[in-house]
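The values are calculated or read from the model by the stated rules, or taken from the named source; none is laboratory data. Predicted model only: the values in this text are computed from it and were never measured. Cβ placement follows ideal geometry from the backbone for every residue including glycine, while neighbour counts extend to all protein chains displayed. Accessible surface is based on the protein model in full, side chains and every heavy atom, while ligands, DNA and RNA are left aside. Shrake-Rupley method; radii C 1.70, N 1.55, O 1.52, S 1.80 Å.
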Amino acid sequence: MSATLDRHGLAWFQLKQDVEDFLYAEADLLDQRRFRDWLDLLADDLVYFMPIRRNVKFGQHDEKENTRQGEGISWFDEDKWTLAKRVDQILTGVHYAEEPLSRVTHMVSNIRLLDASPSAEDAREVTVGSRFLVHQNRVEYETYTFIGRRTDLLRRAGASWQIARREMILDQNVLLAKNLSIFF
Amino acid sequence: MTTHLPIDRMIDVDRGQISREIFVSPDYHREELEKLFTRAWLFVGHVSQIPNPGDFFVSRMGDGSVILARDTQGTPHVFLNSCRHRGMKVCRYEQGNTSLFVCPYHSWSYTTDGRLQGVPLYRTLYDGQLDRADWSLVETPKIHEYKGTIWASWDPQAPDFMTYLGDAVDHLDQVLDCRDGRPGGSEVIGIHKWILPANWKFAAENFLGDTYHNPSHRSVDMIGIGPSAQRGQGGRRDNEYNNGQHVWVSFPQGHGVHSVLMPEQFDYQPSYMQYPIVEEYFRHCFHERQRRLKDKARIMPFTGNLFPNTSYHGRQPRGLCVWHPHSPTETEAWRFFLVDADAPAEVKDVLRRFYMRYSGPAGMTEQDDMENWLYATASSTGTIARRYPFNYQQSIGAYKTGSPLPGDVSVQITEQNARNYYQVYARYLKGDDWDSLLGRSTHPAQQAAE
Ligand code: FES
Ligand SMILES: [Fe+2]
């Protein structure tokens, strides 16, 4: 947390508003299935990470609960190239796990600015915490609910933002869905 | 010990017809749990998950949770994860190290070799009644470690694991051995666990040798996600097997594999081309492997399924899957990802990234498998649907026994591995003896084909 940030100043609230708008618009692109437009919001050096969460003893959570970025196996630990491949795959029209396309709604809430650098007035990077509730319904009877916590690192890109890092902490141990064929 | 269910009418391998009932009926599901999963050797874990005394890993066998534990003397055991007092799940952590398993309910405690040690208020409440020696955790009578993998069976009469594995060992070795041909030496770098709304046998059959389903992966093949994709290689993995003879091999114990038999002389085929260090490593491993294994190096693995529910991917990607039945229409899938323990960090990093984009619920290849298994199961549950058997007539009779490899070998895409698998499956459901389960008594279908 930058020591200089004034969390009550107007600049802070304006920045928070700006970031919220960005995240809602981003979610809307996914829900509208504008996947290529969504890819444009991702920085070239993106890290997209969803750990697998384990049942561990009290006191071991910090150390052992979540798999770590950069080592072993997680649900997602990937870059923009891989995400672009995922989009390409959906757009082939024969990716049966998403053909016909799922109906998806992203709810983003509990948005908090965690950091802004170098300052709220002139933020070039911001760290944003939020919660997600993603509802997926596909074909006839398949419905999945994914709930969890997200931490994003956003980077200023002209008048808008780009996502440089997204960490998604899903509240599940055994994945209660057959696939993670959607974006978070 | 014969079944009350007409299993012989469900499975007709001579005509290549298998009833949908065994995929959707709760009755057959119960029969499988009682007669198959209580007898067959099942994969429970890997030594790299329990390297030290006191280490444990909670696994599954059939519909039950089990604890794979290395006792304080260093011996591995497999216990049913259920307290002998009122059945509480004794261990609800996935993995760890302990000197005692203490039951959360009334605090009975068990040592790492399963013995009941602590019973609160023993003197006052149980003296003269409860003999602790009779109330150990329930333990599998059979456990076997093979090249780092640990297997167990609930049947005290089960044959030793190597007999059960039979000639499938030459194919499993290609998964478990180091890439340079040294025996064993793999480690588990992570596990996927997920719920699949499909019958478990769809998954087992997929790995057993259903090469025919390749068109369902068209989307991933169109975009290219292999380790040389950024160098223009299409498809979902490198082509390491040019000029090889694809073989589909089934074994009397019910196992089936899809491997490639390379020619007597064959050269390294570039792989991992977008990562020069990794490419160099695999080139080195290739030549070492040929030097070490000689003629055996000609066997290259694709996929396989060890009867009944342990599947593997041999190289790209590399790992073991277990399909745990929850109900006829729901499966808990576990995948254990493998690398050589002593591979360089860069190699492990490239492999894990490739495994994640290929495999499991987030994998671009296997998502399409999951979709197929779900809807094949769901649309077979209907009353009319259940009256019509599945077709298993592909390449019927087109195999040779023992040539060019041990087992029943087909050199064309075939459902022979599946026909053989369900024949063995039927014998379990009929409660046959181990001679029959190991395929030692000749059966009509085999005679006809020979
Ligand atoms: S159920 Fe375990 S002590 Fe009672
Ligand atoms: Fe497949």
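Given only helices, namely DSSP H runs of n ≥ 4 each adding -39500 (n - 2.57), what is the per-residue ellipticity at 222 nm of chain B, to the nearest 500 deg cm²/dmol?
Taken over chain B, the calculation gives -7000 deg cm²/dmol.
With +1 on each Lys and Arg Cβ and -1 on each Asp and Glu Cβ, and nothing else charged, work out how big the dipole of region A:46-136 is about its Cα centre, in Debye to the nearest 20.
Here the size comes out at about 380 debye.
When the chain is fully extended, how far beyond the present Cα-Cα distance does B:D267 get from B:W135, taking 0.36 nm per residue of separation?
Gain in length upon complete extension: 41.6 nm.
So how strong a dipole does chain B carry about its Cα centre when Lys and Arg Cβ are +1 and Asp and Glu Cβ are -1, to the nearest 20 debye?
Here chain B has a charge dipole of around 500 debye.
What's the carbon and sulfur percent of chain B's accessible surface, probe 1.4 angstrom, rounded to a whole number?
Ligands and nucleic acids excluded, carbon and sulfur reach 49 percent.
Counting heavy atoms of the protein chains only and a 1.4 Å probe, report the per residue accessible area for chain B as a whole number of Å².
Each residue of chain B exposes 38 Å² on average to a 1.4 Å probe.
When every alpha-carbon pair in the protein assembly as shown is counted, what percent end up more than 39 Å apart?
Percent of Cα pairs beyond 39 Å in the protein assembly as shown: 36.
Can you pull the mean other chain C-beta count within 10 Å for peptide B:196-207?
Rounded to a whole number, the mean comes out at 1.
Round to a whole number: what % of the accessible area of region A:10-170 belongs to carbon and sulfur, probe 1.4 Å?
That share works out to 48 percent.
Give, as ranges by residue number, the residues of region B:387-423 whose backbone N falls under 13 Å from the point 7 Å along Cα→Cβ of B:N214.
B:412-414
Which translational diffusion coefficient, to the nearest whole µm²/s, is obtained for chain A from the Stokes-Einstein equation, given a Kirkwood hydrodynamic radius over C-alpha pairs, 25 °C and 0.890 mPa s?
In µm²/s, the coefficient is 139.
Below 18 Å, Cα to Cα, which lysines can B:K142 reach? Residues fewer than 8 away in the same chain don't count.
Here the lysines satisfying the reach criterion relative to B:K142 are B:K35.
Roughly speaking, what is the centre-to-centre gap between region B:283-353 and region A:137-184 when only Cα atoms are used, to the nearest Å?
Centre-to-centre distance over Cα atoms comes out at 29 Å.
B:Q73 to B:E280: FRET efficiency via 1/(1 + (r/R0)^6), r the Cβ-Cβ distance, R0 60 Å, to the nearest 0.05?
0.90
Please compute the average number of Cβ atoms from other chains found within 10 Å of each residue's Cβ in peptide A:83-95.
Per-residue shielding by partner chains comes out at 5.
To the nearest hundred square angstrom, how large is the accessible surface buried between B and A, total for both chains, probe 1.4 angstrom?
It comes to approximately 3400 Å² buried between B and A.
Cross-link candidates for B:K147: which lysines have Cα within less than 25 Å, leaving aside residues fewer than 8 places away along the same chain?
Straight-distance partners of B:K147: B:K193, B:K294, B:K296, B:K348.
How much mean residue ellipticity at 222 nm does chain A get from its helices, if each DSSP H run of length 4 or more adds -39500 (n - 2.57) and you divide by all residues, to the nearest 500 deg cm²/dmol?
My calculation for chain A gives -6500 deg cm²/dmol from helical runs alone.
Rounded to whole Hz and in sequence order, give me ³J(HN,Hα) for region A:62-70 from the Karplus expression 6.51 cos²θ - 1.76 cosθ + 1.60, θ = phi - 60°, writing x for Gly and Pro.
3J(HN,Hα) across region A:62-70, in whole Hz: 4, 7, 10, 5, 9, 4, 9, 5, x.
Within 10 Å of each Cβ of B:359-371, how many other protein chain Cβ atoms are there on average?
6
To the nearest whole percent, what portion of all C-alpha pairs in chain B is separated by more than 41 angstrom?
Within chain B, distances greater than 41 Å cover 19 percent of Cα pairs.
How large is Rg/Rh for region A:135-184, to two decimals, with Cα atoms and a Kirkwood Rh?
On the Cα set of region A:135-184, Rg over Rh gives 1.10.
List the residues whose amide H sits under 5 Å from the amide H of B:A362, counting only those 5 or more places along or on another chain, with H placed 1.01 Å from N in the peptide plane.
Under 5 Å from the amide H of B:A362 lie the amide H atoms of A:L180, each far enough along the sequence or on another chain.
How far, in nm, would the chain grow between A:R68 and A:R103 when pulled straight, counting 0.36 nm per residue and subtracting the alpha carbon separation?
Gain on stretching A:R68 to A:R103: 9.6 nm.
State the cysteines of chain B left without a partner when partners are defined as other cysteines whose beta carbon lies under 4.7 Å away.
Cysteines lacking a close Cβ partner in chain B: B:C91, B:C178, B:C285, B:C321.
How far, in degrees from 0 to 90, does helix B:345-358 lean away from the longest principal axis of the Cα atoms of chain B, to the nearest 10?
Tilt relative to chain B: about 90 degrees.
With every protein chain kept in the model, how would you rank A:R124, A:R138, B:R387, A:R131 by accessible area, 1.4 Å probe, largest at the top?
B:R387, A:R124, A:R131, A:R138
Collect residues whose amide H, placed 1.01 Å from N in the peptide plane, falls under 5 Å from the amide H of B:Q245; neighbours closer than 5 in sequence don't count.
B:L261, B:M262
Read phi for every residue in region B:7-16 and hand back ³J(HN,Hα) as whole Hz from Karplus 6.51 cos²θ - 1.76 cosθ + 1.60, θ = phi - 60°, with x for Gly and Pro.
4, 5, 7, 7, 10, 10, 6, 5, 8, x
Can you tell which of A:Y48, A:F58, A:Q14 lies farthest toward the positive end of the dipole of region A:1-89, using +1 and -1 charges on the Cβ of basic and acidic side chains (Lys, Arg; Asp, Glu)?
The Cα lying farthest towards the positive end belongs to A:F58.
Going by amide H atoms built from the backbone, whose H comes under 5 Å of the H on B:G45, apart from near neighbours?
B:I150
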